[in-house]
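**Q** Encoded as structure tokens, here's the structure I'll be asking about.
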Amino acid sequence: MPTALLLLSLSAGAVEPPKDPERPGLQRVVLGVAGTGAMAAATVWFFYAGDSLGAGDPASLLAGAGFIATAGAMLGASHTVVAPDEADLDGEASTPVVRMGLGYGGAPWAREKTAHGLWVDVRPRVNLGRLRLTPGLTVRQQLGARVDVDWRDQPGTTYDPALTETNRGFDADVEARVRVIEHVDGIATPMLSMRFERFAYADGSVRTLRRSMIVPLAVGFRWRISGRQYFESIAGPRWDQLAWGGDQGSGAAPAFYSPLFLSARYRIQVAHPDLRGGLLRSRFGIAYTHSNFDGEGVNVGAVIGFMGPFRFDWDTRWTPPRGPALQVGVDYSFGVGGGFGLEVGVAPRGSRP
């Protein structure tokens with residue numbers, strides 16, 4: 001009998017237990033260690049290899065992505081203490097298929113004007129077996145014109161507008177996502193962004209500028225730390241191009257190679273009690289984008305132009321018993337040129353993030 005019990009215990013121990021997605025502690029430890037290691041490597045790079053490449057130094061990307069990974073692991077651990085259940089959620093918040101957002105342009109000085117931003121984003125999803133394609137188009141329009149004033153002493157102690165600026169543009173991309181191993185999806189995304197700016201000067205002259213950012217292919221992964229938390233990062237080569245026109249002629253410069261593009265984010269899903277018979281879900285996210293294409297970035301003292309913006313967002317989705325899901329969200333982009341934003345969106349019932 002003892003021999004039989006010993007054999008039974010050995011055979012039971014030889015069977016590997018199934019992975020439990022509701023206990024993601026080890027995954028978060030790995031993510032936190034990797035993130036801390038990336039920030040440490042960035043520090044060593046800057047101190048010993050220098051910073052001659054500016055935003056093109058790999059250290060900048062390591063620092064930004066490492067911070068998101070480390071902070072995400074800490075936030076995830078804190079959230080698990082409050083809500084131990086890490087199982088998948090029905091009706092979880094995700095990027096709506098159609099959404100519209102407003103960006104706060106900031107408070108102007110006296111006699112100046114600021115312009116808020118409006119954007120509309122459309123992202124239908126096409127499922128082809130294990131592969132999912134998500135083409136996206138975001139159209140951006142500045143509401144009104146931004147007016148800057150020349151504050152130097154002028155005759156009659158009046159201050160006249162020195163520059164009037166308008167801005168519009170779009171972002172287009174196609175995300176291809178496929179499951180490569182358990183809990184990990186591979187991602188490939190080509191991207192194109194364009195901005196059209198018009199400048200009117202105090203002397204009556206006008207100048208236009210077209211800026212383009214091309215990322216032929218950014219590749220990366222999404223790692224589902226648990227049913228409610230994931231870390232995602234993509235990176236790829238980037239080319240920029242400038243074209244100009246106006247009263248003094250027009251022209252275009254050849255496309256030039258720019259610092260690598262990188263996007264890293266960590267998101268946490270939060271469950272709420274049902275509302276009017278529908279599912280109520282939220283998510284909190286932190287993200288870093290290594291790009292100052294729209295003039296956003298984090299500057300510390302004399303360290304200017306090395307880092308892109310950090311973004312914090314919170315959105316809440318209500319999925320009624322019938323009809324599409326409705327979602328509202330707020331975000332804050334931390335850095336020079338950043339600010340607050342508000343968005344609303346809709347998604348077909350049952351759509352997945």
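The values are calculated or read from the model by the stated rules, or taken from the named source; none is laboratory data. These numbers come from a predicted model, not from an experiment. Here Cβ is always computed from backbone atoms with ideal geometry, including for glycine, and neighbour counts include all displayed protein chains. Surface accessibility is based on the protein's heavy atoms, side chains included, excluding ligands, DNA and RNA. Shrake-Rupley method; radii C 1.70, N 1.55, O 1.52, S 1.80 Å.
**Q** Can you name the residue in the stretch 274-291 that is within 26 Å of Gly236 (Cβ to Cβ) and not small (Gly, Ala, Ser) and, of all such residues, is surrounded by the most Cβ atoms within 10 Å (Cβ to Cβ)?
**A** Ranking the candidates gives Tyr288 first.
**Q** How many of the residues in the stretch 34-69 are over 15 Å from Met307 (Cβ atoms), open to solvent by 20 Å² or more (accessible area, probe 1.4 Å) and assigned to a helix (DSSP H, G or I)?
**A** Looking only at that region, the number is 9.
**Q** Looking at Asp294 and the list (1) open to solvent by 60 Å² or more (accessible area, probe 1.4 Å); (2) outside any strand (DSSP E or B); (3) free of Cβ contacts under 8 Å to residues at least 24 places away in the same chain, which single condition is not satisfied?
**A** The single condition Asp294 does not satisfy is (3).
**Q** Could you please give the count of residues in the stretch 244-273 that are closer than 21 Å to Ala63 by Cα and charged (D, E, K, R)?
**A** 2
**Q** Answer yes or no as to whether Leu242 is of a type in the set (A, V, I, L, M, F, W, C) and open to solvent by 30 Å² or more (accessible area, probe 1.4 Å).
**A** So Leu242 passes the test.
**Q** Further question: Among the residues of the stretch 129-153, which ones are under 14 Å from Leu118 (Cβ atoms), open to solvent by less than 80 Å² (accessible area, probe 1.4 Å) and under 20 Å from the mean Cα position of the chain (by Cα)?
**A** Thr138, Val139
**Q** Follow-up. Scan the stretch 82-94 and tell me whether some residue there is small (Gly, Ala, Ser) and assigned to a helix (DSSP H, G or I).
**A** No, that holds for no residue.
**Q** For Pro348, state whether it is surrounded by fewer than 19 Cβ atoms within 10 Å (Cβ to Cβ) and in contact (Cβ under 8 Å) with a residue 24 or more places away in the chain.
**A** yes
**Q** For Leu89, work out the one condition from (1) within 30 Å of Asp203 (Cβ to Cβ); (2) of a type in the set (A, V, I, L, M, F, W, C); (3) modelled with pLDDT under 85; (4) within 25 Å of the chain's Cα centre (by Cα) it doesn't fulfil.
**A** (1)
**Q** Would you be able to tell me the number of residues in the stretch 73-105 that are within 23 Å of Arg140 (Cα to Cα), surrounded by fewer than 20 Cβ atoms within 10 Å (Cβ to Cβ) and of a type in the set (Gly, Ala, Ser)?
**A** Qualifying residue count for the region: 2.
**Q** What number of residues within the stretch 260-273 are in contact with a helix residue (DSSP H, G or I) (Cβ under 8 Å, 6 or more places away or on another chain) and surrounded by fewer than 20 Cβ atoms within 10 Å (Cβ to Cβ)?
**A** 2
**Q** Given Pro237, Pro259, which one is part of a strand (DSSP E or B), over 22 Å from Ala87 (Cβ atoms) and free of Cβ contacts under 8 Å to residues at least 40 places away in the same chain?
**A** Pro237
**Q** Moving to a separate point now. Of the conditions (1) touching a residue at least 12 places away in the same chain (Cβ under 8 Å); (2) open to solvent by 60 Å² or more (accessible area, probe 1.4 Å); (3) not in a loop (DSSP other than H, G, I, E, B), Asp313 fails just one. Which one is it?
**A** Of everything listed in (1) touching a residue at least 12 places away in the same chain (Cβ under 8 Å); (2) open to solvent by 60 Å² or more (accessible area, probe 1.4 Å); (3) not in a loop (DSSP other than H, G, I, E, B), Asp313 misses just condition (2).
**Q** Would you check if there is a residue in the stretch 111-122 being modelled with pLDDT of 95 or more and open to solvent by 80 Å² or more (accessible area, probe 1.4 Å)?
**A** The answer is no; no qualifying residue exists.
**Q** With of a type outside the set (Val, Ile, Thr), touching an Asp or Glu at 6+ places or on another chain (Cβ under 6 Å) and open to solvent by 50 Å² or more (accessible area, probe 1.4 Å) as the only criterion, which of Arg168, Arg198, Arg179 stands out?
**A** Arg179
Yes/no per residue for (1) closer than 25 Å to Thr95 by Cα; (2) free of Cβ contacts under 8 Å to residues at least 12 places away in the same chain; (3) among the β-branched types (Val, Ile, Thr):
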residue: Gly251; (1), (2), (3): no, yes, no
residue: Arg267; (1), (2), (3): yes, no, no
residue: Phe284; (1), (2), (3): yes, no, no
residue: Val298; (1), (2), (3): no, no, yes
